[in-house]
Amino acid sequence: MLKILDSAIPVACWSCSVAHNESTLFCPNCSKIQPPPGGDYFSVFGLEPRLHLDLDILEREFHRLSRKLHPDRFARAGENEKQWSLADTALLNDAYRTLKDPLRRTQYLLKLHGAEIGEEHAGRDPQKDAKDPVRVLPDLLEEVFDLNMQLEELRTERKAGAADPQLTVALEAARSKFEGLLKVVDDDLHAQWRVWDAGSESERRAAQNRMVALLDQRRYLSHLLRDVTETLGAE
Ligand SMILES: [Zn+2]
């Protein structure tokens with residue numbers, strides 16, 4: 001059921017016919033380039049699907065494979081191999097971009113395990129969903145409400161040409177507070193990474209649910225902070 005398991009399916013090399021792991025870009029037997037593999041992004045780099053990733057290995061493998069896929073190496077190759085080198089390069093770049101970024105990596109791995117994240121929640125309006133503090137931050141409902149009121153007030157006062165300096169001070173304090181909350185969410189997210197990587201099946205499921213909620217909170221808080229910074233900066 002999990003797409004992640006597909007990476008173990010052996011396929012035969014088009015050139016030498018020896019079976020190899022589906023996720024490899026080059027045949028381990030004859031070294032010939034292979035069509036874009038169907039496995040997950042982790043297996044492209046020969047990495048275990050984990051949230052704590054050895055970024056040195058990731059980067060080293062990325063550069064090694066990029067060099068091997070360089071178009072110059074396929075100048076005299078057949079048409080198929082030329083096409084595959086382009087398609088494999090695109091896949092390699094996507095995989096690298098996704099895995100090196102902690103948030104993208106988390107979302108990607110959770111989605112592989114069937115999690116519905118953010119805008120992809122079935123049957124929900126994404127616009128409305130992203131602005132729904134009742135669901136995302138029930139404990140902070142009052143603070144979020146106050147903050148949005150103050151933002152609206154500042155915009156109105158600025159339009160009228162007279163902004164209350166106290167309001168700016170209050171909004172700067174609120175910004176610090178919400179930045180602190182974002183840090184708490186990130187710390188929690190990293191703690192859940194450890195559980196997910198090392199935990200039992202049930203611990204992993206609990207960590208996954210927690211991370212989906214944390215990613216929602218992160219998205220909401222980032223949105224809010226951007227709003228505050230833009231409004232404060234627009235003098
Ligand atoms: Zn081969």
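The values are calculated or read from the model by the stated rules, or taken from the named source; none is laboratory data. All figures in this text were calculated on a predicted structure; none of them were measured in a lab. Cβ placement follows ideal geometry from the backbone for every residue including glycine, while neighbour counts extend to all protein chains displayed.
Numbers for the structure displayed
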item	result
Some residue of segment 177-199 being surrounded by 15 or more Cβ atoms within 10 Å (Cβ to Cβ), under 26 Å from L51 (Cα atoms) and at pLDDT below 90	yes
Where a residue in segment 180-204 is assigned by TED's automatic domain parsing to the domain that holds E143 and part of a helix (DSSP H, G or I) and its partner, wherever it lies, is β-branched (V, I, T) and buried (at least 16 other Cβ atoms within 10 Å of the Cβ), with Cβ under 9 Å and at least six apart	L189/T106; Q192/T106; W193/T106; W196/T106; E203/V195; R204/V195
Failed item in (1) away from the ligand (no atom under 16 Å from the Cβ); (2) at pLDDT 95 or above, with K68 passing the rest	(1)
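Here is a yes/no grid of residues against (1) closer than 30 Å to A207 by Cα; (2) small (G, A, S); (3) at pLDDT below 95:
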position: G39; (1), (2), (3): yes, yes, yes
position: V44; (1), (2), (3): yes, no, yes
position: P49; (1), (2), (3): yes, no, yes
position: L53; (1), (2), (3): yes, no, yes
position: E61; (1), (2), (3): yes, no, no
position: T89; (1), (2), (3): no, no, no
position: Y96; (1), (2), (3): yes, no, no
position: L99; (1), (2), (3): yes, no, no
position: L103; (1), (2), (3): yes, no, yes
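Per-residue answers, yes or no, for (1) more than 29 Å from R194 (Cβ to Cβ); (2) more than 16 Å from the ligand (Cβ to nearest atom); (3) among the basic types (K, R); (4) surrounded by fewer than 15 Cβ atoms within 10 Å (Cβ to Cβ):
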residue: N21; (1), (2), (3), (4): no, no, no, no
residue: G39; (1), (2), (3), (4): no, yes, no, no
residue: F45; (1), (2), (3), (4): no, yes, no, no
residue: D54; (1), (2), (3), (4): no, yes, no, yes
residue: T98; (1), (2), (3), (4): no, yes, no, no
residue: D101; (1), (2), (3), (4): no, yes, no, yes
